[in-house]
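The values are calculated or read from the model by the stated rules, or taken from the named source; none is laboratory data. Note that the structure is a prediction, hence the values are computed from the model and not measured. Virtual Cβ from ideal backbone geometry, glycine too; neighbours counted across all protein chains shown.
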Amino acid sequence: MGLSYHSFVFIQCENCVINVFLIGVNKMNKRTRAIDEETYKIIIATMQNGFEYKGIQHKTNERIATVLQLEYNLGLRVGDILNLKMDSFMRDGSRYRLDMHEQKTGKYRNFTVPVKVYNFIRDYAYYNCISPKARLFPITERAVLKHLKVTCEYLEINGIGSHSFRKAFATNVYVNNHYNIELVRVLLQHSSVTVTQRYIGIGSKELEDAIEKNINLCNMK
């Protein structure tokens, strides 16, 4: 099966200090939208650089920035990313494979991780002195969501939650692979195409084309 992932976008910084702030979380992922690439880059860079908001200094947070980058580039849920170890990745010839059971659904997943993504994870583990058997991100999902929320509040960005990064992955794969919704369904482990379409907020390509072809606007005088 020919699969063209969207371009991998990783942003890195040097000195990283973890500082999580307990701010309220919007748990309704249905209200979140797929994040666009420009907003994605701004959020990640802000987390990596740190910022001051409402009199509180939020220090650089490379750990959470990395979690969200993996969600954006692999389409995994945050809970599954937080359980990853370097030992989770298996060498398969010149490739790397990730075998896992999804935390939310219990479904088994086996897929190839692009080498660029694997190298990004490996470098993160190396620079942070994380052993192969240790969790790469020993934090809670709640901590990730709260830090993302305060970052978005600081940037005055609305409609973004942790699912926004997974939705962006799905949308990008859909567009970059000739609008193959079945491919997206398989990658997200959804039970039906209808669930996938509802998750990323699209109809069938035929419906989209039909609407596009029917456009007939008159110029404003």
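Would you check if VAL67 is touching a residue at least 60 places away in the same chain (Cβ under 8 Å), under 21 Å from VAL173 (Cα atoms) and touching a Leu at 6+ places or on another chain (Cβ under 8 Å)?
yes
Kindly evaluate THR60 against the criterion of being modelled with pLDDT of 95 or more, of a type in the set (S, T, N, Q) and farther than 17 Å from ALA170 by Cβ.
Answer is yes for this residue.
I'd like the residue in region 112-121 that is crowded, with 18+ Cβ neighbours inside 10 Å and farther than 19 Å from GLN48 by Cβ and, out of all such residues, is modelled with the lowest pLDDT.
That would be VAL113.
Which of the residues belonging to region 45-76 are small (Gly, Ala, Ser) and over 18 Å from GLY161 (Cα atoms)?
GLY50, GLY55
Among the helices (runs of 4 or more DSSP H) confined wholly to region 122-221, which include 1 or more residues that are within 27 Å of GLY50 (Cα to Cα) and either free of Cβ contacts under 8 Å to residues at least 60 places away in the same chain or not basic (Lys, Arg) (or both)?
So the answer is 141-155, 163-176.
Can you tell me which residue among ALA45, ALA65, ALA34 is assigned to a helix (DSSP H, G or I), over 22 Å from SER131 (Cα atoms) and modelled with pLDDT of 55 or more?
The match here is ALA45.
Could you grab me the full set of residues in region 45-90 that are farther than 21 Å from GLU153 by Cβ and in contact with a strand residue (DSSP E or B) (Cβ under 8 Å, 6 or more places away or on another chain)?
Of everything in region 45-90, those that are farther than 21 Å from GLU153 by Cβ and in contact with a strand residue (DSSP E or B) (Cβ under 8 Å, 6 or more places away or on another chain) turn out to be LEU74, ASP80, LEU82, ASN83, LEU84, LYS85, SER88, PHE89, MET90.
Criterion first (exposed (fewer than 13 other Cβ atoms within 10 Å of the Cβ) and farther than 25 Å from GLN189 by Cβ) does GLN48 satisfy it?
Here the answer is no, as GLN48 does not meet what is asked.
Within region 185-202, take every residue that is exposed (fewer than 15 other Cβ atoms within 10 Å of the Cβ) and under 19 Å from THR32 (Cβ atoms) and give me the one that is modelled with the highest pLDDT.
The extreme case among them is VAL195.
Tally up the residues in region 149-163 that are within 15 Å of VAL67 (Cα to Cα), small (Gly, Ala, Ser) and surrounded by fewer than 20 Cβ atoms within 10 Å (Cβ to Cβ), please.
Residues meeting the conditions: 0.
Here is a yes/no grid of residues against (1) in contact with a helix residue (DSSP H, G or I) (Cβ under 6 Å, 6 or more places away or on another chain); (2) closer than 22 Å to MET100 by Cβ:
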| position | (1), (2) |
| --- | --- |
| HIS163 | yes, yes |
| LYS167 | yes, yes |
| ASN172 | no, yes |
| GLU212 | no, no |
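Being loosely packed, with under 13 Cβ neighbours inside 10 Å, in a strand (DSSP E or B) and not charged (D, E, K, R) is the filter here; which residues of region 83-111 pass it?
MET90, HIS101, TYR108, ASN110
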